[in-house]
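Novice: I'd like to ask you about the structure that follows.
The values are calculated or read from the model by the stated rules, or taken from the named source; none is laboratory data. If you're wondering where the values come from, they're calculated on a predicted model, not measured in any experiment. Here the Cβ is made from the backbone with ideal geometry for all residues, glycine too, and neighbour counts use every protein chain on show. These area figures cover heavy atoms from the full protein model, side chains too; ligands, DNA and RNA do not enter into them. Shrake-Rupley method; radii C 1.70, N 1.55, O 1.52, S 1.80 Å.
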Amino acid sequence: MLKNTAKRLAIIIGIAYALILVLIVWLCITVALTMNRLQTITNDLYLHPFTVNNAALDSLASMNLMREKMLEIALSQDVKAIEQLAVESYVLDEKLRLDINVVEAGFLGDAEKVKEVQRQLEDWRRLRSRTIGHAVYGSKSEAKRLVKDEGAELFSQMTANMDYVVEFSRYRALAFVNEAKQQFDLALRQIWLLLGTTILIVVVTAWVKIRGVAYVLRRDERITGALQASETRFRIVSDHAPHGMVTVGLDGSLMQVNPALCHILGYSRDELEQMTFSDVTHPGDQTPGMGYIQDMLREKVSSFQIEKRCLHKNGRIVWVRASFSLLCNHAGIPQYFVGQIEDITESRDAVEHARLMALVLDNIFDGVITIDETGIIVSCNGAAEHLFGYTAKEMMGANVSTLMPAPYRDEHAGYLRHYLETGEKRVIGIGREVAGKRKDGSTFPMDLAVSELRTGDRRIFIGIVRDITERKRAEEKVQYLAHYDVVTDLPNRALLLDRMRQVLALAKRDSLNLALMFIDLDKFKPVNDTYGHDVGDLLLKAVATRLQACLRDSDTAARVGGDEFVVLLPTLEDDSDALVVAEKILHILNQPFDVAGHTLTISASIGLTVNPAHNTDEKLLLKRADIAMYYAKKAGRNRVTQYQSDMQEVTQ
């Protein structure tokens with residue numbers, strides 16, 4: 001094998017030296033042709049730099065001729081002659097424009113000078129037009145003045161700038177030619193130096209190659225032995241590796257597998273080594289890895305990693321993370337792929353579960369906020385963002401106290417600190433109602449439930465928050481409906497009795513007087529029958545307003561029936577005060593009511609009872625006022641009747 005390798009190397013070296021000789025001959029011919037070409041280029045370069053200088057000189061000559069034409073136009077008396085001179089001036093102007101363009105394209109000096117000349121030429125053209133106009137249609141003297149004064153000054157400026165351009169371009173042209181000759185001489189010396197160096201390198205290379213043949217043969221022998229030992233070690237390591245190991249042929253065949261891969265896929269080693277990698281790959285994942293394989297074969301990448309689905313022998317899907325690299329021989333020729341296969345099915349399932357849980361959290365109605373032991377917000381869901389008006393980015397890293405107004409902020413921090421120090425649960429695992437604070441500063445009632453999650457040495461607290469604004473409103477509405485009349489917004493019978501119990505207890509304790517009036521509206525039913533219940537309800541509201549206007553803040557006016565009201569007067573200085581208030585109410589209710597465009601007149605029958613003169617409980621006190629009211633109706637209505645002990649209950 002080694003002898004055959006030596007023969008092949010000798011043949012390759014012979015061919016290489018033949019090619020070197022051919023290259024040397026080709027180099028000599030190329031040098032000769034290059035020298036001739038350089039001479040031609042030098043001659044061309046010698047002529048080319050003067051193009052700008054010649055154009056500048058031509059431009060200067062054209063300017064002089066144009067000035068002469070301008071003078072002739074100003075002095076000429078013949079209109080046709082003036083027109084002929086103008087045409088000649090335009091021809092010179094066009095030639096001058098072309099020459100200036102050549103100068104501008106190749107000028108290496110101050111480009112602003114050339115632009116200044118172009119601007120002056122524009123001024124000259126306008127001056128020429130004015131001069132021709134005066135010469136043909138206007139004043140000859142004005143045409144002469146323009147040429148001698150403005151024209152002379154402008155011409156002087158143009159020629160001064162063009163003199164600079166001419167001198168500079170001539171200087172640059174001569175300098176360029178000298179530099180080109182120097183570059184030619186330098187290039188010639190470099191060519192000969194390169195030729196000599198090439199010959200020297202060829203000789204040295206030949207000597208090195210001859211010495212290297214023996215070294216290559218010895219190295220191949222060492223590499224062959226090392227490769228065999230490496231393959232043995234690889235087999236041992238592969239058989240004991242915790243992850244799947246595989247060598248895959250360039251055609252996709254499974255050349256060698258380890259026990260771990262057999263366990264992952266459920267096949268025996270013999271079964272797998274009769275299969276291809278495509279046979280164990282899910283049909284939907286056949287294509288993605290092919291691009292990476294082609295990139296490795298083209299040496300664009302040395303390895304790649306991909307997550308894909310494989311098929312277990314029993315048909316179930318196995319998610320794997322596959323890492324592949326390409327193994328080449330010492331000559332750089334690809335031999336096979338070496339791969340490491342890791343079963344990531346469980347981790348993929350965990351990630352999918354976590355993703356699903358995140359979706360659940362972001363789509364539940366309640367806000368979920370997690371904080372660490374210091375109260376710093378670690379995470380939040382979409383409902384929490386909507387609830388408090390902050391984005392997740394704004395909330396995370398902030399203290400949870402920013403989401404609570406005082407005093408709940410300090411209370412919550414104190415509860416958390418107390419729990420961490422003592423383990424006593426005051427808020428952990430216990431739901432409670434607190435207030436939340438939005439980003440705009442507004443507050444709202446919310447239910448808060450806090451639970452604890454331990455992950456190793458780390459403690460995480462999970463807060464579940466729910467906006468209970470609507471529930472509170474509903475509770476308040478129910479509470480209101482339970483204690484207030486929906487038509488007049490006055491307390492109803494239940495609230496009245498509750499207040500009477502409180503007032504009676506206070507009167508008994510402090511020996512105070514109180515009074516109770518039972519008011520029944522006279523002539524209210526005809527209003528309802530005539531104008532309808534809507535007008536009747538508006539009238540009841542107006543009555544309630546007038547009653548409250550007659551009372552103190554400590555007094556209570558309540559509606560206890562259709563057209564029946566009760567007034568509670570606590571803490572009277574004298575019993576006669578109650579009668580004064582009753583008469584005041586009677587008077588104000590006798591005044592006409594303007595309701596829904598109707599003028600309505602009613603009156604009232606008022607029964608009055610005073611405690612402790614009639615010391616009793618609230619129900620009996622209310623009953624006695626009711627009895628006195630019926631006596632008032634019986635006596636002709638529109639009056640106040642105070643309860644007397646000899647009055648008997650009256651039935652309608």
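Novice: Just wondering, is there one or more residues in the stretch 322-329 that are surrounded by 13 or more Cβ atoms within 10 Å (Cβ to Cβ), modelled with pLDDT under 85 and outside any strand (DSSP E or B)?
Specialist: Among the residues of the stretch 322-329, not one is surrounded by 13 or more Cβ atoms within 10 Å (Cβ to Cβ), modelled with pLDDT under 85 and outside any strand (DSSP E or B), which makes the answer no.
Novice: Okay, moving on. What is the number of the single condition among (1) out of contact with any Gly (no Cβ under 7 Å at 6 or more places or on another chain); (2) closer than 30 Å to residue 452 by Cβ; (3) assigned to a strand (DSSP E or B) that residue 374 does not meet?
Specialist: (3)
Novice: Related question: Which residue pairs have Cβ atoms closer than 7 Å, lie 6 or more positions apart in sequence or on different chains, and pair a first residue in the stretch 467-486 that is in contact (Cβ under 8 Å) with a residue 60 or more places away in the chain with a second residue that is part of a helix (DSSP H, G or I)?
Specialist: Matching pairs, first to second residue: 467/387.
Novice: How many residues does the stretch 452-495 contain that are in contact with a helix residue (DSSP H, G or I) (Cβ under 8 Å, 6 or more places away or on another chain), open to solvent by less than 40 Å² (accessible area, probe 1.4 Å) and in a helix (DSSP H, G or I)?
Specialist: The qualifying residues number 1.
Let's see how each residue does on (1) over 60 Å from the mean Cα position of the chain (by Cα); (2) more than 29 Å from residue 55 (Cβ to Cβ); (3) of a type in the set (Lys, Arg); (4) open to solvent by 70 Å² or more (accessible area, probe 1.4 Å):
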position: 90; (1), (2), (3), (4): yes, no, no, yes
position: 111; (1), (2), (3), (4): no, no, no, no
position: 115; (1), (2), (3), (4): no, no, yes, yes
position: 143; (1), (2), (3), (4): yes, yes, no, no
position: 146; (1), (2), (3), (4): yes, no, no, no
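Novice: What number of residues in the stretch 235-247 are among the hydrophobic types (A, V, I, L, M, F, W, C) and buried (at least 21 other Cβ atoms within 10 Å of the Cβ)? Give the steps one after another, and end with the answer.
Specialist: Residues of the stretch 235-247 that are among the hydrophobic types (A, V, I, L, M, F, W, C), as a first pass: 236-237, 241, 245-246.
From what is left, the residues that are buried (at least 21 other Cβ atoms within 10 Å of the Cβ) are 245-246.
Qualifying residue count, the stretch 235-247: 2.
Quick grid of which residues meet (1) closer than 29 Å to residue 59 by Cβ; (2) at pLDDT below 75; (3) β-branched (Val, Ile, Thr); (4) buried (at least 17 other Cβ atoms within 10 Å of the Cβ):
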residue: 123; (1), (2), (3), (4): yes, no, no, no
residue: 176; (1), (2), (3), (4): yes, yes, no, no
residue: 189; (1), (2), (3), (4): no, yes, no, no
residue: 201; (1), (2), (3), (4): no, yes, yes, no
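Novice: Could you list all residues from the stretch 259-277 that are assigned to a helix (DSSP H, G or I) and among the aromatic types (Phe, Trp, Tyr)?
Specialist: Across the stretch 259-277, the qualifying residue is only 277.
Novice: Which residues, counting only those in the stretch 517-576, are modelled with pLDDT under 90, among the hydroxyl-bearing types (Ser, Thr, Tyr) and not in a strand (DSSP E or B)?
Specialist: If the condition is that a residue be modelled with pLDDT under 90, among the hydroxyl-bearing types (Ser, Thr, Tyr) and not in a strand (DSSP E or B), then 576 is the only one that fits.
Novice: Just the residues that are crowded, with 18+ Cβ neighbours inside 10 Å and either assigned to a helix (DSSP H, G or I) or in contact (Cβ under 8 Å) with a residue 60 or more places away in the chain (or both), please, taken from the stretch 386-395.
Specialist: 387, 388, 395 - these are the residues of the stretch 386-395 that are crowded, with 18+ Cβ neighbours inside 10 Å and either assigned to a helix (DSSP H, G or I) or in contact (Cβ under 8 Å) with a residue 60 or more places away in the chain (or both).
Novice: Here is a follow-up. Taking only the stretch 534-558 into account, find how many residues are under 60 Å from the mean Cα position of the chain (by Cα) and basic (Lys, Arg).
Specialist: Adding up the residues that qualify gives 1.
Novice: Please work out which residue is surrounded by the most Cβ atoms within 10 Å (Cβ to Cβ), limiting yourself to the stretch 277-315 and to residues that are touching a residue at least 24 places away in the same chain (Cβ under 8 Å) and hydroxyl-bearing (Ser, Thr, Tyr).
Specialist: 281
Novice: Of the residues in the stretch 284-320, how many are under 22 Å from residue 271 (Cα atoms) and part of a strand (DSSP E or B)?
Specialist: Residues meeting the conditions: 8.
Novice: Based on this model, can you work out whether residue 602 counts as over 22 Å from residue 482 (Cα atoms), at pLDDT 95 or above and either surrounded by fewer than 19 Cβ atoms within 10 Å (Cβ to Cβ) or out of contact with any His (no Cβ under 6 Å at 6 or more places or on another chain) (or both)?
Specialist: Working: over 22 Å from residue 482 (Cα atoms): yes; at pLDDT 95 or above: no; either surrounded by fewer than 19 Cβ atoms within 10 Å (Cβ to Cβ) or out of contact with any His (no Cβ under 6 Å at 6 or more places or on another chain) (or both): yes.
For residue 602, the condition - over 22 Å from residue 482 (Cα atoms), at pLDDT 95 or above and either surrounded by fewer than 19 Cβ atoms within 10 Å (Cβ to Cβ) or out of contact with any His (no Cβ under 6 Å at 6 or more places or on another chain) (or both) - is not met.
Novice: Another one. What residue, of 590, 611, is in contact (Cβ under 8 Å) with a residue 40 or more places away in the chain, polar (S, T, N, Q) and open to solvent by 10 Å² or more (accessible area, probe 1.4 Å)? Break it down into steps so the answer makes sense when it comes.
Specialist: Working: 611 fails: open to solvent by 10 Å² or more (accessible area, probe 1.4 Å).
Of 590, 611, the one residue that is in contact (Cβ under 8 Å) with a residue 40 or more places away in the chain, polar (S, T, N, Q) and open to solvent by 10 Å² or more (accessible area, probe 1.4 Å) is 590.
Novice: Does residue 628 qualify as being open to solvent by less than 10 Å² (accessible area, probe 1.4 Å), small (Gly, Ala, Ser) and part of a helix (DSSP H, G or I)?
Specialist: When the stated conditions are applied, residue 628 passes them.
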